[in-house]
1. For region 414-421, check the following and say yes or no: at least one residue is more than 30 Å from Arg393 (Cα to Cα) and either part of a helix (DSSP H, G or I) or in the same structural domain as Gly394 (by TED's automatic domain parsing) (or both).
2. List, please: which pairs have Cβ atoms under 6 Å, are six or more places apart or on different chains, and start with a residue in region 284-301 that is more than 16 Å from Ser269 (Cβ to Cβ) and end with one that is among the polar types (S, T, N, Q)?
3. Within region 48-154, considering only helices (runs of 4 or more DSSP H) that don't extend past its boundaries, which have at least 2 residues that are of a type outside the set (Val, Ile, Thr) and within 27 Å of Glu196 (Cβ to Cβ)?
4. Looking only at region 335-349, filter to residues that are out of contact with any strand residue (DSSP E or B) (no Cβ under 7 Å at 6 or more places or on another chain) and not in a helix (DSSP H, G or I); which one of those is farthest from the ligand (Cβ to nearest atom)?
5. From Ser96, Ser156, which residue is more than 28 Å from Leu209 (Cβ to Cβ) and not assigned by TED's automatic domain parsing to the domain that holds Leu398?
6. Would you point out which residue out of Glu132, Glu155, Glu127 is among the acidic types (Asp, Glu) and either over 28 Å from Ser172 (Cβ atoms) or touching a Leu at 6+ places or on another chain (Cβ under 6 Å) (or both)?
7. Mind listing just one residue for me: the one in region 313-334 that is surrounded by fewer than 21 Cβ atoms within 10 Å (Cβ to Cβ) and more than 15 Å from Leu365 (Cβ to Cβ) and, of those, farthest from the ligand (Cβ to nearest atom)?
Amino acid sequence: MAFGWHSGGEQGSCFVCFLVDKLLGIKQPALMNKKKVLMLAVNSSWSHSSPAFYYLRAMLGGLPYQAKMLDFSTKDHLGDVLRTAWAEQAQIVCFSAYIWNRIYLQQLLPPLKKLLPEAVLVVGGPEAQRLESYLSKTDYLICGPGEAKFRALAESGFRMSTDDLAKVPALSLSELPFPYKASDLSTLQNRLVYYELYRGCPYGCIYCLSARDGRKELRFDPANPDNLERLFEELALLVALQPRTLKFVDRSFNLNKALAHKVWEFFISNPLSCEAHFEIYPDLLDESDLAILEKAEAGKFRFEIGVQTVNPEVARACGRSSNWRKVHEMLIKLKKRTKIRLHTDLLAGLPGENYASIVDSLNQLCACLPDAVQLGILKILPDTPMLEIAKDRGYKWLDEPPYSVLSSDALSFPELCLLEDFARLLNLYWNKEEHSESWKTLLQKDSAESLLNRLRDIHNRLGYELHSLARAKRDAVMKELLEKYGG
Ligand code: SF4
């Protein structure tokens, strides 16, 4: 089956509209004035895009609205965003609130409401509820999955009661239209484009927003040939957008092994001009995966692997069933047998985990030589089980985004500061992949922690910042470190 596309910003009759109408049982509405819907994305960087708005735009299919998307980043000057938004004179303005943009939106919404007093604001996203006080009675807050609710709002002309809105049942991932259009090429080329094949997560890590997400929604059934045909069509359409990275947002991409295999095999047998990024649950990987993955060309696949801790007690207390011995073995095999870029994550501040245990995780993980090691500081996210645990255990953390931990039940503030320094040094000297050979040599002589401490000492002595440093200076610092070890 071949997809039809909207040819421009207007929503006309195409496969997407047809599918939405079919799924929702919608008849083409009677003549209404064509209102302008502005979807104002505030991303964390210019290269990111907002998949939520692409879904919402697709949900307007067949309705008499003119949708326009504008992308900004949190680094953009507020006045510039206001000017551009005002110039659109939209009747409806939509936002998606996350931890990286909620504070920015708090500053943006009040002046925007003054400038566009007649506009209806629609706010969704995980942080939406915290923006309620910035909205008026005629505005809308969408909690939870937003696609069906947004469709219902649009059908009502954005004049629906909040009680009725709350009753609209969500659509599952398999019922949603493909969110992108061929004409998005000019916007999405060389950027990060998101796609999802599974919503929900069967695991219950206490610090994660997915811990209370009961959904188990698969977009395609890999045993159904029609579904597979649609999957391959969507993958081909995504590649045609020429993104820099195609990021699968599935929290554990390899949960459904058969579907993961179909996607990997598709990208191995079809030329992929970009990198495909998958978040992997490492314990689920086995020989059948490796047999496929070792055929992937260099630079085509990137795996994000959340290790978080190698301490089994801490992992169990966090609701993680991860087994470090097995993960370690798989990391080594992936490194030896595939050309996949391996991005690994650790988390500092987990309940009961002290400095020595975190450093042990760091040392053991670095010894596997993944391409990237991200040492994150735990965030106490509202709406996660971790909030109650943090209160019970006397944690201190930031009340506002990013909600980072300041001290835990086992970690002092100075220890967290030191780990944060290590995280910055890893970003400077490890994650840029400029000094991989030097690390390989150095790790045969000392632990990652000692090496990071030495790098920190050099920075302090030279008065260098930890978060950024010119390439030439980075090279000189690494050279000095190698010399200290007789390299
Ligand atoms: S951290 Fe990952 S595995 Fe754990 S609940 Fe969240 S999404 Fe699932």
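The values are calculated or read from the model by the stated rules, or taken from the named source; none is laboratory data. None of these values were measured; they are calculated from a predicted model. Methodologically, a virtual Cβ is constructed for each residue, glycine included, from the backbone with ideal geometry; neighbour enumeration extends over all protein chains shown.
1. Restricting attention to region 414-421, the residues satisfying the condition of being more than 30 Å from Arg393 (Cα to Cα) are none.
For region 414-421, residues more than 30 Å from Arg393 (Cα to Cα) and either part of a helix (DSSP H, G or I) or in the same structural domain as Gly394 (by TED's automatic domain parsing) (or both): absent.
2. Note: pairs meeting the criteria are Leu284/Asn254.
3. In region 48-154, 51-59, 102-115 are the helices (runs of 4 or more DSSP H) which contain 2 or more residues that are of a type outside the set (Val, Ile, Thr) and within 27 Å of Glu196 (Cβ to Cβ).
4. Going residue by residue through region 335-349, those that are out of contact with any strand residue (DSSP E or B) (no Cβ under 7 Å at 6 or more places or on another chain) are 336-339.
From what is left, the residues that are not in a helix (DSSP H, G or I) are 338-339.
Working: Thr338: 22, Lys339: 25 Å.
Step by step, filter region 335-349, then rank; the result is Lys339.
5. So the residue among Ser96, Ser156 that is more than 28 Å from Leu209 (Cβ to Cβ) and not assigned by TED's automatic domain parsing to the domain that holds Leu398 is Ser156.
6. Numbers: Glu155 fails: either over 28 Å from Ser172 (Cβ atoms) or touching a Leu at 6+ places or on another chain (Cβ under 6 Å) (or both); Glu127 fails: either over 28 Å from Ser172 (Cβ atoms) or touching a Leu at 6+ places or on another chain (Cβ under 6 Å) (or both).
Exactly one of Glu132, Glu155, Glu127 is among the acidic types (Asp, Glu) and either over 28 Å from Ser172 (Cβ atoms) or touching a Leu at 6+ places or on another chain (Cβ under 6 Å) (or both), namely Glu132.
7. Lys333
For (1) within 20 Å of Ser436 (Cβ to Cβ); (2) in a helix (DSSP H, G or I); (3) of a type in the set (A, V, I, L, M), each residue gets a yes or a no:
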| residue | (1), (2), (3) |
| --- | --- |
| Arg302 | yes, no, no |
| Arg320 | no, no, no |
| Arg325 | no, yes, no |
| Lys333 | yes, yes, no |
| Ser357 | no, yes, no |
